[in-house]
Amino acid sequence: MQKTLDQKLAAIHADPSGCKDFILADAKDADMAFGVGAPGQSPEMHAGEVRFRTLAEYREQIRQITRQGLVDIMLMSASSNYQLNIVDRLFENSRVTPAARANDASDVFAVRYGKYVSQPAQPFRTALLDHIQCGHVECEPNERALGADLGLYSCTFNNRLEDDLQTLKQYKAFREEAEKKGFRHFLEVFDPNAPVGLSSEQVPHFINDQIARTLAGIAQPGRPVFLKIVYHGPKAMEELVAYDPHLVAGILGGGAGTTYDAFKLLSEAKKYGARVALFGRKINNAENQLAFVEMLRRIADGEITAEDAVKAYHGVLQRLNIQPRKSLADDMQLTTGVMSYGGDAQVSVPAGVPMPASQAKSTADCGCGGPSKETCACPGKHLNAVESAPNALLDFSMMTVAEKLAWNKSKRDRIFGS
């Protein structure tokens, strides 16, 4: 059965400026980042109690959303791909394309009590391409179609020469293996997790240039089929799309927020040139994932506005007698600024990436209002400043290990949800 992903990619490349097709993906690969907490909190949890869904429940959600048929891609861990795709044959008669996370660099090692995310991202691959394609090492040529032929590869650049060179070398090795084995990939470029010498205004340009520069050295057979990046606002998206509309820019959904945050993000990113959206935690945290995905699909296809989609989603919850976590009024609030060219609204950047001076607290201020970090009398001094103004322009060389952990926890919670 022909997959909708292949149809839409062909249509986009045939008419990049006029094609209205939009690719939607559900990212159910969080077990390669969060471990036990990846499936999300169980509906049966009670106040003061944390109970996570099981892996079996997580995979059942994958089954339901795949059978619904409204997403174009289902992104999974290699282990879930093995069970659902290779063993259970879930995608055999589906128009949904199965995909697996092909690498797990250290900036997604978001385990409880772990300290890995406080350090510059290091490239790493747990998954084997053969396992993704056929379920065992050294696939025979005719076996490679048993599993997935598409994977996510992520890179994080921190403006640190040695680290960034290592990231590029590992990406090159992956591409060589993938091309030999007939494995396609889409490229995720995270924002810096431990940047050097970058302000918030510079991060979108830094990311766009890294993408263009990296892909310039890759011939068409080895290039990613599309990109997955943080949406930094209209200017950055338009710049990237104008540079090369065949890059097929996609956005990641990010962490916790309101329903309107998710729906408006999709609507605005599409408006300014994005052709793909990958939502993970926003779908997984929804009160009803199938209804949430339906609204995403209708927004992506231009059938409904983001505002009306929030109201319709709450209407579905009411009909199903599901208690929403937020009232309709609260869920209609925009809590992440991703929509404006300038003015009062902020551009969306992860916590910890410095904001413009007009939006950030002065770096001389301490966390309890003292005139400077040096004369601050409150406990923790610099750490308080980090926690109370996590977007301020920080000097990592002056931070203790505890301060770096606080900074990175704030960033991780903003991206993946607390």
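The values are calculated or read from the model by the stated rules, or taken from the named source; none is laboratory data. The structure presented is a predicted model; accordingly, all values stated were derived computationally and were not measured. Cβ: placed from backbone, ideal geometry, glycine included. Neighbour counts: every protein chain shown.
The table that follows gives values for the structure above.
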{"quantity": "Evaluation of S94 against (1) of a type in the set (S, T, N, Q); (2) within 18 Å of the chain's Cα centre (by Cα); (3) within 27 Å of L70 (Cα to Cα) (one fails), failing number", "calculated": "(2)"}
{"quantity": "Which numbered condition Y116 fails, given (1) surrounded by fewer than 18 Cβ atoms within 10 Å (Cβ to Cβ); (2) touching a strand residue (DSSP E or B) at 6+ places or on another chain (Cβ under 7 Å); (3) hydroxyl-bearing (S, T, Y)", "calculated": "(2)"}
{"quantity": "Complete set of residues in region 224-238 that are surrounded by fewer than 19 Cβ atoms within 10 Å (Cβ to Cβ) and touching a helix residue (DSSP H, G or I) at 6+ places or on another chain (Cβ under 6 Å)", "calculated": "none"}
{"quantity": "Hits in region 1-30 (condition: part of a helix (DSSP H, G or I) and either under 17 Å from the mean Cα position of the chain (by Cα) or in contact (Cβ under 8 Å) with a residue 24 or more places away in the chain (or both))", "calculated": "T4, L5, D6, K8, L9, I12, H13, A30"}
{"quantity": "Candidates I304, I251, I299, filtered to the one that is under 30 Å from G217 (Cβ atoms) and of a type in the set (A, V, I, L, M)", "calculated": "I251"}
{"quantity": "Checking L215 against (1) under 22 Å from I73 (Cβ atoms); (2) assigned to a loop (DSSP other than H, G, I, E, B); (3) touching a Pro at 6+ places or on another chain (Cβ under 8 Å); (4) not β-branched (V, I, T), the condition it does not meet", "calculated": "(2)"}
{"quantity": "Checking V196 against (1) among the aliphatic types (A, V, I, L, M); (2) surrounded by fewer than 18 Cβ atoms within 10 Å (Cβ to Cβ); (3) not in a loop (DSSP other than H, G, I, E, B), the condition it does not meet", "calculated": "(3)"}
{"quantity": "Close pairs (8 angstrom Cβ cut-off, 6 or more residues apart or separate chains): without any contact (Cβ under 8 Å) to a residue 12 or more places away in the chain in region 31-42, part of a loop (DSSP other than H, G, I, E, B) and buried (at least 20 other Cβ atoms within 10 Å of the Cβ) anywhere", "calculated": "none"}
{"quantity": "Sole residue being in contact (Cβ under 8 Å) with a residue 60 or more places away in the chain, over 27 Å from I65 (Cβ atoms) and part of a loop (DSSP other than H, G, I, E, B), chosen from E201, E138", "calculated": "E201"}
{"quantity": "Filter result for L215 (buried (at least 19 other Cβ atoms within 10 Å of the Cβ) and in the same structural domain as A14 (by TED's automatic domain parsing))", "calculated": "no"}
{"quantity": "Subset tally (residues that are buried (at least 22 other Cβ atoms within 10 Å of the Cβ) and part of a loop (DSSP other than H, G, I, E, B)) for region 91-104", "calculated": "2"}
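Quick grid of which residues meet (1) acidic (D, E); (2) assigned by TED's automatic domain parsing to the domain that holds R184; (3) more than 16 Å from H13 (Cα to Cα):
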residue	(1), (2), (3)
H205	no, yes, yes
A219	no, yes, yes
L227	no, yes, no
M237	no, yes, yes
L247	no, yes, no
A262	no, yes, yes
E268	yes, yes, yes
A277	no, yes, yes
V293	no, yes, yes
